[in-house]
1. Which of 273, 172, 111, 183 comes first, and how do the rest follow, when ranked by fewest Cβ neighbours within 10 Å?
2. Is it possible to state the helix-based mean residue ellipticity at 222 nm for the chain, with each DSSP H run of 4+ residues giving -39500 (n - 2.57), the sum divided by total residues, to the nearest 500 deg cm²/dmol? What is it?
3. What number, in percent, do you get for the relative contact order of segment 281-396 if the mean sequence gap of Cα pairs under 8 Å and at least 6 apart is divided by its residue count?
4. Taking 0.36 nm per residue of separation and subtracting the Cα-Cα distance, what length does fully extending residue 188 through residue 142 add?
5. Sequence gap at least 6, Cα distance under 8 Å: using those rules, report the relative contact order of the chain to the nearest whole percent.
6. How big is D for the chain, in µm² s⁻¹ as a whole number, if Stokes-Einstein is applied with the Kirkwood radius of its Cα pairs at 25 °C and 0.890 mPa s?
7. Arranged by the count of other C-beta atoms within 10 angstrom, fewest first, what order do 118, 72 take?
8. Please compute the modelled spin-label separation between residue 41 and residue 221, points set 7 Å along Cα→Cβ, answer in nm with one decimal.
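Just so it is clear, none of the values below were taken in a lab; they were calculated from the coordinates. Computed from a prediction, not measured in an experiment: that's the story for all the values here. Heads up, the Cβs are rebuilt from the backbone with ideal geometry, glycines too, and the neighbour counts pull from every protein chain shown.
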Ligand SMILES: Nc1nc2c(ncn2[C@@H]2O[C@H](COP(=O)(O)OP(=O)(O)OP(=O)(O)O)[C@@H](O)[C@H]2O)c(=O)[nH]1
Ligand SMILES: [Mg+2]
């Protein structure tokens with residue numbers, strides 16, 4: 001279970017291991033985590049569902065290691081497992097691909113290598129079970145020739161393996177600061193930042209929601225001065241300040257109210273717009289939101305939420321956005337809602353996808369959805385930007 005001191009999973013570097021059945025994925029994970037995280041056996045198909053293990057790796061910080069079922073699994077059940085492996089791949093930031101030395105035909109591995117390289121995710125090619133064969137240079141050369149990358153030659157039973165694999169991940173990992181900072185381009189040290197968090201709307205009792213917690217932490221790391229208020233205290237808070245806030249970050253649900261009260265010199269944005277920058281492509285989302293003005297009563301909209309929570313009474317995805325859209329376009333507008341991993345493969349019937357901020361998803365997963373939508377020519381935006389567009393203030397906020 002997640003411990004209260006640990007980094008949220010969505011901010012951790014996701015390291016996925018991919019290979020055929022019996023290629024040594026689970027054994028390698030156990031040597032990386034120095035624990036029996038995954039079951040290992042000589043029976044092909046031991047790992048079935050992906051295993052997500054949160055760990056701290058020296059030099060990499062908080063990570064999630066993902067063990068997967070072999071991508072060569074067969075039969076009806078096998079196909080379902082490969083589907084889950086593909087889903088794990090979408091969440092992966094760095095892909096480790098195994099080429100085990102106890103086999104001769106690596107055609108499936110090379111198909112996966114190409115898929116990884118096409119996705120632009122960093123690839124670490126690993127020649128596994130090195131203790132079984134004296135000379136692996138033929139395979140090292142083939143990998144170099146076909147993929148233009150060097151490979152690591154490791155045995156799960158060698159003590160140096162953890163160090164070697166960790167160093168390889170450090171060399172290829174995406175820029176950490178770019179992944180983690182939410183407010184980087186908007187604030188400087190000593191800036192006053194006001195957070196507007198209407199607790200009466202849908203905050204879980206006794207807690208703040210994840211985007212608010214993550215933004216607060218990031219502002220503290222940037223040495224900003226934070227003043228947090230619920231929406232009915234904005235006037236009092238502004239009166240109490242000697243200087244106007246450099247930036248106001250609000251829950252998108254009170255955009256119009258905050259916009260009407262904000263001092264001229266203060267910039268305005270929302271938690272979900274900020275998260276869109278970290279988790280997706282904010283410019284792409286803003287462009288897609290402009291489609292809202294062109295929707296007609298016969299258009300079809302898909303609302304996708306990451307959580308599978310029970311709908312709240314004033315739920316933003318299920319109640320508020322559909323109401324705002326129908327008020328503008330007409331009651332016959334078709335709106336479908338999906339949650340969790342139920343994102344349709346065929347998006348072609350939709351004129352617009354409106355995704356939640358994705359605080360429970362990592363960037364790789366959100367980007368894979370955005371890329372899927374793009375490849376089917378379906379515009380995709382998110383909740384916060386949709387509300388800004390529907391309130392007519394998208395042009396006035398900081399993206
Ligand atoms: N000699 C040798 N055997 C290994 C090595 N790594 C794994 N094995 C053996 O290979 C077999 C399969 O290992 P696993 O780690 O379960 O392989 P897997 O890729 O997770 O397999 P699935 O879960 O079935 O997809 C086991 O019998 C392991 O002991 C290695 O580096 N050297
Ligand atoms: Mg396994």
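1. Numbers: 273 27, 172 15, 111 10, 183 21.
Ascending number of Cβ neighbours within 10 Å: 111, 172, 183, 273.
2. On the way: 15 runs with 143 residues, N = 399.
The per-residue figure over the chain is -10500 deg cm²/dmol.
3. Values: 165 pairs, mean separation 43.9, N = 116.
For segment 281-396, the relative contact order is 38 percent.
4. Values: separation 46, 0.36 × 46 = 16.56 nm, distance 4.93 nm.
Extra length available between residue 188 and residue 142 comes to 11.6 nm.
5. Working: 696 pairs, mean separation 54.1, N = 399.
Computed over the chain, the figure is 14 percent.
6. On the way: Rh = 23.1 Å.
Reported coefficient: 106 µm²/s.
7. Values: 118 8, 72 17.
By the 10 Å Cβ count, ascending, the order reads 118, 72.
8. With each label point 7 Å from Cα toward Cβ, the separation is 4.2 nm.
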